[in-house]
1. Quickly work out the residue 609-to-residue 166 label distance, labels modelled 7 Å from Cα along the C-beta direction, and quote it in nm with one decimal.
2. Please list, ordered by chain and number, the residues whose modelled amide H lies under 5 Å from the amide H of residue 593; skip anything fewer than 5 residues away on the same chain.
3. For residue 705, enumerate residues with amide H under 5 Å from its amide H, sequence gap 5+ or separate chain, H modeled in the peptide plane.
4. I need the phi-derived Karplus couplings for the stretch 482-498: 6.51 cos²θ - 1.76 cosθ + 1.60, θ = phi - 60°, integer Hz, Gly and Pro marked x.
5. Compute the FRET efficiency between residue 695 and residue 438 as 1/(1 + (r/R0)^6), taking r as their Cβ-Cβ distance and R0 = 25 Å, and round to the nearest 0.05.
6. Per residue of the stretch 219-231, what does 6.51 cos²θ - 1.76 cosθ + 1.60 with θ = phi - 60° give for ³J(HN,Hα)? Whole Hz please, x for Gly and Pro, Karplus curve as stated.
7. So if each residue of separation counts as 0.36 nm, and I subtract the Cα-Cα distance between residue 310 and residue 789, what length gain in nm does that give?
8. Antiparallel DSSP bridges in the chain: what percent, to the nearest 5?
Amino acid sequence: MYKLSVQCVAPFTFSLCTLSYSSSSFRFSIRATSSRAMASHIVGYPRIGPKRELKFALESFWDGKSSAEELQQVAADLRSAIWKQMAEAGTKYIPSNTFSYYDQVLDTTAMLGAVPSRYNWNGGEIGFDVYFSMARGNASVPAMEMTKWFDTNYHYIVPELGPDVKFSYSSHKAVVEYKEAKVLGINTVPVLVGPVSYLLLSKPAKGVDKSFSLLSLIDKILPVYREVVVELKAAGATWVQFDEPTLVKDLDAHQLQAFTHAYAELESSLSGLNVLIETYFADVPAEAYKTLTSLKAVTAYGFDIVRGTKTLDLIKQGFPSGKFLFAGVVDGRNIWANNLASSLNTLQALGDIVGTDKVVVSTSCSLLHTAVDLVNETKLDQEIKSWLAFAAQKVVEVNALAKALSGQKDEVYFSANAAALASRKSSPRVTNEAVQKAAAALKGTDHRRVTNVSARLDAQQKKLNLPILPTTTIGSFPQTADLRRVRREFKAKKISEEDYIRFIKVEINNVVKLQEELGIDVLVHGEPERNDMVEYFGEQLSGFAFTANGWVQSYGSRCVKPPIIYGDVSRPKPMTVFWSSTAQSLTKRPMKGMLTGPVTILNWSFVRDDQPRFETCYQIALAIKNEVDDLENAGITVIQIDEAALREGLPLRKSEEAFYLNWAVHSFRITNCGVKDTTQIHTHMCYSNFNDIIHSIIDMDADVITIENSRSDEKLLSVFREGVKYGAGIGPGVYDIHSPRIPPKDEIAERINKMLAVLESNILWVNPDCGLKTRKYTEVKPALTNMVAAAKIIRDRLASAK
């Protein structure tokens, strides 16, 4: 167990501080005496709380069980604890305004007053009503689009902009939180989503021409940024951090010019402030690096040195004299302990180039993407635990590296770190030679099904006899409090396996009956036995470890607990066959076997970093293939292999996309290459921009794909309007399940009609955007009733037309 304690004579002055740090395997203490002050920085920190305190506070508020003041108090307590933790660890540059009730991009939309007109906002400071309506929708209007944040599993709310948007300073959150920290005696670095990245991450609003240049709005939003900066300076801020992560993408000259223009325009307002431009998630391309390091009024540049190692070459070729380099050497995207010796070597090499006094040790990106604190993992295997570092431990690593760089290296701490790394490398539990050989053998073929999809669909229709526009759901049904309680009790061995199975069978029976009553054509068993679509499988595969509190925010109050893939992966025994067979025995309608695909298991886990990701993915694909074969042998004729996360793993640079898509699509095909033509293979994808990878989606060769569509304003359909031919079955989502709003049947029918304008009726399926586990039955029943009714309306219309 890790324990951090700090005693200081004066706040944030490490010249007279003693830092002690202990774990089950080692202890160390550092007496800071060097005249060269250590310089450390954290890009951002998880906001959900070590035990998901924010999640529970949000959901209580949304359910009307607690007040806005109570929610605000939970948030204030979390912020205070985070700032104090960083300060006590000796962090020099502590971020503020990285906390959010839902999403930092939505916070920026609120700051700019860029509220879509459908929310009937009339100006003034934006409150919870408008804020959460934009995030979640309300009874009368839908939410704004939500999509993946770069190549992570975090989702942001996409701004909707156009030439008529009136921007105004409408949320003072950045200043309020800076002052809040200052009252605690902590002078933070306020963090703002940079103006250019904000626009590049936006989309034209509904009714605005898709060719509208979002960057044309730069001079309209800069006045608001000026106001924020002026207020921050007046409040006493000495630094400000602008996150401009789009600089790591492939940008054209016009887009790069926008950065030059924006920061030149802000130069006078920024006078007197130290300005950090932070980038993350990949290398900064050469042209972008040149633009970035030439920006006006900028004091420091932040780079991801973990995923952006090529940036090191650019720094060696030239770095602005007198500027600070915030070197992101501690990984904010994974949970493995840092290789401190290697990182220190990198930092010292950078110090030789830019000057050691100009190097600030930092995280590679916000720690938002990693679990909160290893101290809460009291049941985790001790050997595996010694290999890990969560956000709280990464703060310690950053500061230990900063101290070592300033001449105060703690040999005991560094030696313990080296011992843990050596233990991981040599541990026999990491390697399974048989698995490695089987995965290596996969590289000789493309694993395509022999018969083309058109012929397979004909064979499947003869067997399944489905109506036109068949209805289905994506997999999960609501997870009630009773259901969660029973799973917890079974895990804690408070109830017997017999009692647990009896309860789950009743739950499955209820879900099957409900679907039959609603008239749904292809059923699901509702997944009552599953805690999470990745964790459930990982718990039954070798090479995985699990945490009790390793939660990571996905969006809003939605948190996931990624498994840890520490070794070679295999499937010891069937994982889902019993439950799928049980469900199929309850109905004559087709029952989908429900699996999570190898790419999604990979992308939604903390993945081992000691071998290429594709090798791990091939191992998982073989395990899922074994499960697919067993389901088919058990009589399951429709098998869904979800690849919800395929798009999010796409590299941020075009030059790297083909390699990823090749092995990712190949991994999916491996899972089902051996099934009969009459076995229908479905897959599902959600909340990403799919249009640019549509040909890879086609290459997956699934029989049916269900895909998010409604929340993104039916963006998916545009690819078919542009002439892409899709011959397999496809179900673009007809309503957004991440909103409590219940869509009327006429609205759903209208969506189906839009789909029929670009897709043939014989391949179109009708389904929600995503699984239903986060919704309540009081929302699900009427929504699915309307969905089935809408499908019947269109079926009747098509029959009449014939």
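1. Calculated label separation equals 4.9 nm.
2. Those qualifying (amide H under 5 Å, at least 5 residues apart or on another chain) are 638, 639, 640.
3. Long-range HN contacts for residue 705: 683, 729, 730, 731.
4. 5, 5, 5, 4, 4, 4, 4, 5, 5, 5, 7, 6, 8, 10, 6, 4, 4
5. Numbers: r = 29 Å, r/R0 = 1.17.
After rounding, the FRET efficiency stands at 0.30.
6. Whole-Hz 3J(HN,Hα) from phi for the stretch 219-231: 6, 8, 8, 4, x, 5, 4, 4, 4, 4, 4, 4, 5.
7. Values: separation 479, 0.36 × 479 = 172.44 nm, distance 5.51 nm.
Stretched out fully, the residue 310 to residue 789 stretch lengthens by 166.9 nm.
8. Numbers: 21 of 72 bridges.
Of those bridges, close to 30 percent are antiparallel.
Throughout, read-outs are computed from the coordinates displayed, never taken from laboratory work. Given the structure is predicted, the values throughout are model-derived calculations rather than measurements. Backbone-built Cβ (ideal geometry, glycine too); neighbour counts: all protein chains shown.
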